[in-house]
Amino acid sequence: MSPSRPTWVAGNWKMQGSLAGNAALVTALKAGLPKALKGEIVLCAPYPYLEQVARLLSGSEMTLGAQDVSAHAAGAFTGEVSAAMLADFGCRYVLVGHSERRQLHGEADPMVAEKFGAALQSGLRPVLCLGETLSEREAGQTEKVVIRQMEAVLALHGVAAFQNAILAYEPVWAIGTGRVAAPEEAEAVHRTLRERLAAEDNAIAAGLRIVYGGSVKADNAPSLFNQPNIDGGLIGGASLKAEDFLAICRAANF
Ligand code: PGA
């Protein structure tokens with residue numbers, strides 16, 4: 001982490017949770033965290049629970065996020081949820097391009113770029129998820145893939161749009177597998193992304209938070225967060241247990 005960028009840690013609950021479970025989890029997180037946070041902690045809950053989690057978060061500096069958003073503003077799009085609706089329920093952040101959306105729901109770079117723009121239009125901060133598959137890594141294409149994913153957004157919205165965004169590097173082979181990227185491996189990708197953006201705008205690149213996701217746990221979090229270009233984490237499985245998530249937040253200096 002660099003002292004010049006505020007730390008950012010989010011829990012991505014995915015399609016998990018319940019009214020009772022969420023209440024217990026958020027209550028335990030509130031009790032375990034300091035009242036004044038040094039950076040940002042975001043909980044990305046499933047859509048139906050956004051209102052509940054927003055209520056649970058009152059009196060806490062933790063903020064609310066969502067896991068996906070429609071590329072469209074409104075209209076005949078059955079089953080979709082717009083950025084304005086997320087903002088209505090108090091969301092500040094939304095994940096776009098999570099690898100599960102890319103892989104299981106066919107979301108390609110152009111759609112992810114549109115979602116990124118839809119989020120910004122409604123005042124939400126998009127969390128742009130990027131990452132290579134195992135075969136892409138083995139073929140030596142990691143940098144090419146993540147740069148391509150980022151450039152799709154740059155081409156549509158320009159570098160200024162990154163001022164209000166977060167980048168989450170999540171190698172697909174590390175998500176939910178227990179196989180975490182080595183800290184130096186992740187750092188190299190984060191540095192590449194920052195340098196690519198610096199070629200467009202130095203100040204925006206220097207201020208952008210680039211977080212790592214993929215099997216982050218309490219024991220591997222400190223060495224990841226020690227890297228100069230890793231500004232926090234996007235946590236899946238370990239965000240569902242208060243003790244585990246709190247330990248990761250502590251490793252991120254909260
Ligand atoms: P994981 O998930 O921490 O369970 O690997 C990360 C993510 O999908 O954001």
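The values are calculated or read from the model by the stated rules, or taken from the named source; none is laboratory data. This structure is a prediction, so every number in the text was calculated from the model and none was measured. Note that we place each Cβ from the backbone using ideal geometry, even for glycine, and neighbour counts take in every protein chain shown. Ligands, DNA and RNA are stripped out before the accessible areas are found, and what is left, the full protein with its side chains, is counted by its heavy atoms. Shrake-Rupley method; radii C 1.70, N 1.55, O 1.52, S 1.80 Å.
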Output the Kirkwood hydrodynamic radius of the range 131-254, Cα pairs only, in Å rounded to one decimal.
14.8 Å
Express the accessible area of the range 20-131 per residue in Å², computed with a 1.4 Å probe while the remaining protein chains stay in the model.
45 Å²
How do 106-117, 86-97 rank on mean C-beta neighbours within 10 Å, highest first?
86-97, 106-117
Before I look further, what does the range 142-254 give for accessible area per residue, probe 1.4 Å, in whole square angstrom?
39 Å²
Report in % the part of the accessible area of the range 8-251 that belongs to carbon and sulfur, leaving out ligands and nucleic acids; probe 1.4 Å.
53 percent
If ligands, DNA and RNA are left out, what is the accessible area of SER239 with a 1.4 Å probe, given in Å² to the nearest 10?
0 Å²
Could you work out [θ]222 nm for the chain from helices alone, using -39500 (n - 2.57) per DSSP H run of at least four and dividing by all its residues? Round to the nearest 500 deg cm²/dmol.
-12000 deg cm²/dmol
Reduced to Cα centres, the span from the range 19-46 to the range 137-197 in Å works out to 27 Å
Test item: Cα-centred dipole of the range 103-254, Lys/Arg +1 and Asp/Glu -1 on Cβ, debye
300 debye
